[in-house]
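Shown next, in C-alpha coordinates, is the structure this report addresses.
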Amino acid sequence: FPVTILGDPLNTFQEFEQSAAFLQANLMNSNGILDPMLWEKVNNGAVRLGNVFPGDTSNFYTMFNEMKRLGVEAESIYTGAGEAAARLALVTGESYETTAILTGKIANALGIQGPQLLDFFDIVARGRNVGATLTDMEYAFGRSAGQLKFLGLQGVEQGKKVAAFYATLIRMGLSGMTVVIS
(Lines give C-alpha, C1' and ligand atoms only; values in the text may rest on other atoms or scores of the structure.)
Protein backbone atom coordinates (compact mmCIF):
# COMPACT_ATOMS: atom_id res chain seq x y z
CA PHE A 1 0.00 0.00 0.00
CA PRO A 2 2.63 2.66 0.90
CA VAL A 3 4.67 1.75 -2.20
CA THR A 4 1.74 2.76 -4.41
CA ILE A 5 1.44 6.10 -2.65
CA LEU A 6 5.16 6.83 -2.95
CA GLY A 7 5.52 5.55 -6.52
CA ASP A 8 4.45 8.70 -8.36
CA PRO A 9 6.42 11.19 -6.24
CA LEU A 10 9.53 9.02 -6.48
CA ASN A 11 9.19 8.69 -10.25
CA THR A 12 8.63 12.44 -10.57
CA PHE A 13 11.72 13.16 -8.49
CA GLN A 14 13.77 10.70 -10.54
CA GLU A 15 12.61 12.35 -13.81
CA PHE A 16 13.48 15.76 -12.37
CA GLU A 17 16.98 14.66 -11.36
CA GLN A 18 17.60 12.95 -14.68
CA SER A 19 16.48 15.94 -16.77
CA ALA A 20 18.62 18.28 -14.66
CA ALA A 21 21.66 15.99 -15.05
CA PHE A 22 21.23 15.78 -18.84
CA LEU A 23 20.97 19.57 -19.12
CA GLN A 24 23.99 20.11 -16.88
CA ALA A 25 26.03 17.69 -19.01
CA ASN A 26 24.96 19.53 -22.16
CA LEU A 27 26.00 22.87 -20.66
CA MET A 28 29.54 21.73 -19.79
CA ASN A 29 32.43 23.27 -21.68
CA SER A 30 34.89 21.25 -23.76
CA ASN A 31 36.88 20.43 -20.60
CA GLY A 32 33.81 18.90 -18.95
CA ILE A 33 33.33 21.78 -16.52
CA LEU A 34 29.95 23.33 -15.77
CA ASP A 35 30.09 27.06 -15.04
CA PRO A 36 28.07 27.48 -11.81
CA MET A 37 26.93 30.99 -12.82
CA LEU A 38 25.62 29.66 -16.13
CA TRP A 39 23.81 26.80 -14.41
CA GLU A 40 22.24 29.21 -11.94
CA LYS A 41 20.85 31.39 -14.76
CA VAL A 42 19.57 28.44 -16.79
CA ASN A 43 18.12 26.76 -13.69
CA ASN A 44 16.39 29.98 -12.60
CA GLY A 45 14.90 30.27 -16.08
CA ALA A 46 13.54 26.72 -15.93
CA VAL A 47 12.14 27.23 -12.42
CA ARG A 48 10.49 30.51 -13.46
CA LEU A 49 8.85 28.91 -16.51
CA GLY A 50 7.79 25.92 -14.41
CA ASN A 51 6.00 28.31 -12.07
CA VAL A 52 4.27 30.21 -14.89
CA PHE A 53 3.42 27.61 -17.55
CA PRO A 54 1.74 24.20 -17.32
CA GLY A 55 4.19 21.48 -16.39
CA ASP A 56 7.09 21.60 -14.02
CA THR A 57 10.75 22.53 -13.96
CA SER A 58 11.83 19.17 -15.38
CA ASN A 59 9.72 19.82 -18.50
CA PHE A 60 11.71 22.99 -19.06
CA TYR A 61 15.04 21.30 -18.33
CA THR A 62 14.15 18.85 -21.10
CA MET A 63 13.04 21.66 -23.41
CA PHE A 64 16.23 23.66 -22.76
CA ASN A 65 18.32 20.54 -23.34
CA GLU A 66 16.68 20.00 -26.72
CA MET A 67 17.34 23.60 -27.74
CA LYS A 68 20.96 23.40 -26.59
CA ARG A 69 21.39 20.16 -28.52
CA LEU A 70 20.24 21.99 -31.66
CA GLY A 71 22.81 24.74 -31.18
CA VAL A 72 20.90 27.44 -29.32
CA GLU A 73 23.30 29.22 -26.98
CA ALA A 74 22.62 28.91 -23.24
CA GLU A 75 22.41 32.69 -22.88
CA SER A 76 19.78 32.80 -25.61
CA ILE A 77 17.79 30.11 -23.82
CA TYR A 78 17.54 31.95 -20.51
CA THR A 79 17.13 35.42 -22.05
CA GLY A 80 14.07 34.62 -24.14
CA ALA A 81 14.31 31.52 -26.35
CA GLY A 82 12.98 29.27 -23.58
CA GLU A 83 10.06 31.55 -22.85
CA ALA A 84 9.32 31.96 -26.57
CA ALA A 85 9.12 28.18 -27.02
CA ALA A 86 6.96 27.80 -23.89
CA ARG A 87 4.55 30.51 -25.05
CA LEU A 88 4.31 28.99 -28.51
CA ALA A 89 3.53 25.59 -26.96
CA LEU A 90 0.81 27.15 -24.84
CA VAL A 91 -0.78 29.02 -27.75
CA THR A 92 -0.62 26.14 -30.23
CA GLY A 93 -1.22 23.20 -27.91
CA GLU A 94 1.96 21.54 -29.16
CA SER A 95 4.42 19.83 -26.83
CA TYR A 96 7.37 21.67 -25.33
CA GLU A 97 9.66 19.30 -27.21
CA THR A 98 8.06 20.20 -30.55
CA THR A 99 8.42 23.92 -29.94
CA ALA A 100 11.98 23.46 -28.66
CA ILE A 101 12.96 21.75 -31.91
CA LEU A 102 11.31 24.50 -33.95
CA THR A 103 13.09 27.11 -31.82
CA GLY A 104 16.45 25.51 -32.48
CA LYS A 105 15.90 25.28 -36.22
CA ILE A 106 14.64 28.85 -36.52
CA ALA A 107 17.42 30.23 -34.34
CA ASN A 108 19.95 28.53 -36.61
CA ALA A 109 18.22 29.38 -39.89
CA LEU A 110 17.63 33.07 -39.17
CA GLY A 111 20.25 33.91 -36.57
CA ILE A 112 17.52 35.00 -34.15
CA GLN A 113 18.41 34.66 -30.48
CA GLY A 114 17.01 35.31 -27.01
CA PRO A 115 14.31 37.95 -26.66
CA GLN A 116 14.02 38.38 -30.44
CA LEU A 117 12.39 34.95 -30.62
CA LEU A 118 9.49 36.19 -28.47
CA ASP A 119 8.68 38.75 -31.14
CA PHE A 120 9.24 36.36 -34.03
CA PHE A 121 7.04 33.54 -32.73
CA ASP A 122 4.00 35.76 -32.91
CA ILE A 123 4.10 35.44 -36.71
CA VAL A 124 4.66 31.67 -36.47
CA ALA A 125 1.57 31.34 -34.25
CA ARG A 126 -0.44 33.39 -36.76
CA GLY A 127 0.77 31.14 -39.58
CA ARG A 128 -0.79 28.24 -37.76
CA ASN A 129 -4.14 30.01 -38.00
CA VAL A 130 -3.96 29.80 -41.80
CA GLY A 131 -3.00 26.13 -41.84
CA ALA A 132 0.80 26.11 -41.51
CA THR A 133 1.52 23.58 -38.78
CA LEU A 134 4.59 23.85 -36.60
CA THR A 135 5.91 20.72 -38.30
CA ASP A 136 5.55 22.42 -41.70
CA MET A 137 7.43 25.47 -40.42
CA GLU A 138 10.09 23.27 -38.82
CA TYR A 139 10.72 21.48 -42.12
CA ALA A 140 10.66 24.68 -44.16
CA PHE A 141 13.15 26.53 -41.97
CA GLY A 142 15.30 23.47 -41.35
CA ARG A 143 15.63 22.65 -45.05
CA SER A 144 16.29 26.21 -46.20
CA ALA A 145 18.63 27.39 -43.42
CA GLY A 146 21.72 27.42 -45.62
CA GLN A 147 20.01 29.34 -48.39
CA LEU A 148 18.53 31.86 -45.96
CA LYS A 149 22.03 32.57 -44.65
CA PHE A 150 23.48 32.71 -48.15
CA LEU A 151 20.81 35.18 -49.30
CA GLY A 152 21.24 37.33 -46.19
CA LEU A 153 17.70 36.64 -44.99
CA GLN A 154 18.63 36.88 -41.33
CA GLY A 155 17.08 38.52 -38.28
CA VAL A 156 13.57 39.10 -37.01
CA GLU A 157 12.23 41.33 -39.77
CA GLN A 158 13.51 39.14 -42.61
CA GLY A 159 12.35 36.07 -40.71
CA LYS A 160 8.82 37.43 -40.40
CA LYS A 161 8.66 37.93 -44.16
CA VAL A 162 9.97 34.44 -44.84
CA ALA A 163 7.57 32.88 -42.31
CA ALA A 164 4.60 34.71 -43.85
CA PHE A 165 5.76 33.55 -47.31
CA TYR A 166 6.04 29.94 -46.13
CA ALA A 167 2.64 30.07 -44.42
CA THR A 168 1.03 31.41 -47.59
CA LEU A 169 2.54 28.67 -49.76
CA ILE A 170 1.55 26.00 -47.25
CA ARG A 171 -1.99 27.38 -47.19
CA MET A 172 -2.03 27.01 -50.99
CA GLY A 173 -1.34 23.28 -50.65
CA LEU A 174 2.41 22.83 -50.49
CA SER A 175 4.02 20.99 -47.59
CA GLY A 176 6.74 22.25 -45.30
CA MET A 177 9.15 19.81 -46.97
CA THR A 178 8.60 21.37 -50.40
CA VAL A 179 8.46 25.02 -49.34
CA VAL A 180 12.10 26.01 -49.46
CA ILE A 181 13.95 29.02 -50.75
CA SER A 182 16.57 27.99 -53.27
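Annotations for the structure displayed:
- Along each principal axis, Cα extent of segment 117-182, largest first, Å: 27, 26, 15
- Largest GNM mean-square fluctuation among E73, E40, E157, using the chain with Cα springs under 10 Å: E40.
- For the chain, the longest principal axis of the Cα atoms and the long axis of helix 36-52 meet at an angle of about 80 degrees.
- As a fraction of the 1.4 Å probe accessible area of the chain, surface on carbon and sulfur atoms comes out at 55 percent.
- C-alpha long axis of helix 115-129 to longest principal axis of the chain, angle in °: 70 degrees
- Lysine pair count for the chain with Cα-Cα distance under 22 Å and sequence separation of 8 or more or different chains is 8.
- Charge sum, other residues only, whose C-beta stays under 14 Å from L27's C-beta, Lys/Arg counted +1 and Asp/Glu -1: -2
- Gain in span if fully extended, L90 to L151, counting 0.36 nm per residue against the direct Cα distance: 18.7 nm
- Summing charges over neighbours of V156, with a neighbour being any other residue whose Cβ is under 11 Å away from its Cβ, gives -1 when K and R count +1 and D and E count -1.
- Between E73 and Q18, full extension at 0.36 nm per residue minus the direct alpha carbon distance yields a gain of 17.7 nm.
- For segment 14-85, the relative contact order works out to 33 percent when only alpha carbon pairs closer than 8 Å and six or more residues apart are counted.
- Average accessible area per residue (Å²) across the chain - probe 1.4 Å, nucleic acids and ligands excluded: 52 Å²
- In degrees, nearest ten, helix 82-92 long axis to first principal axis of the chain (Cα): 70 degrees
- Förster radius 45 Å - calculated FRET efficiency between T178 and D35 (Cβ-Cβ, nearest 0.05): 0.60
- Using all pairs of distinct alpha-carbon atoms, the Kirkwood hydrodynamic radius of segment 57-182 works out to 14.0 angstrom.
- 3J(HN,Hα) couplings calculated from phi for segment 57-67 with the Karplus curve 6.51 cos²θ - 1.76 cosθ + 1.60 (θ = phi - 60°) are, in sequence order, 4, 5, 4, 7, 4, 5, 4, 4, 4, 5, 5 Hz; Gly and Pro show x.
- Cα pair distances in segment 59-108, grouped into 10 Å bins until the bin that holds the longest one, percent each: 33, 61, 6
- Net charge of neighbours whose Cβ lies under 13 Å from the Cβ of S76, counting Lys and Arg as +1 and Asp and Glu as -1: -1
- Relative contact order of segment 39-158, defined on C-alpha pairs under 8 angstrom at six or more residues apart (%): 23 percent
- Zone of M28's modelled label, taken as backbone nitrogen in segment 60-88 under 15 Å from a point 7 Å along Cα→Cβ: none
The values are calculated or read from the model by the stated rules, or taken from the named source; none is laboratory data. Every value quoted in this text rests on a predicted model; they were computed, and no experiment measured them. Ideal geometry is used to build each Cβ from the backbone, glycine not excepted, and the neighbour counts take in all protein chains shown. We work out accessible area using only protein heavy atoms, side chains counted, and drop any ligands, DNA or RNA first. Shrake-Rupley method; radii C 1.70, N 1.55, O 1.52, S 1.80 Å.
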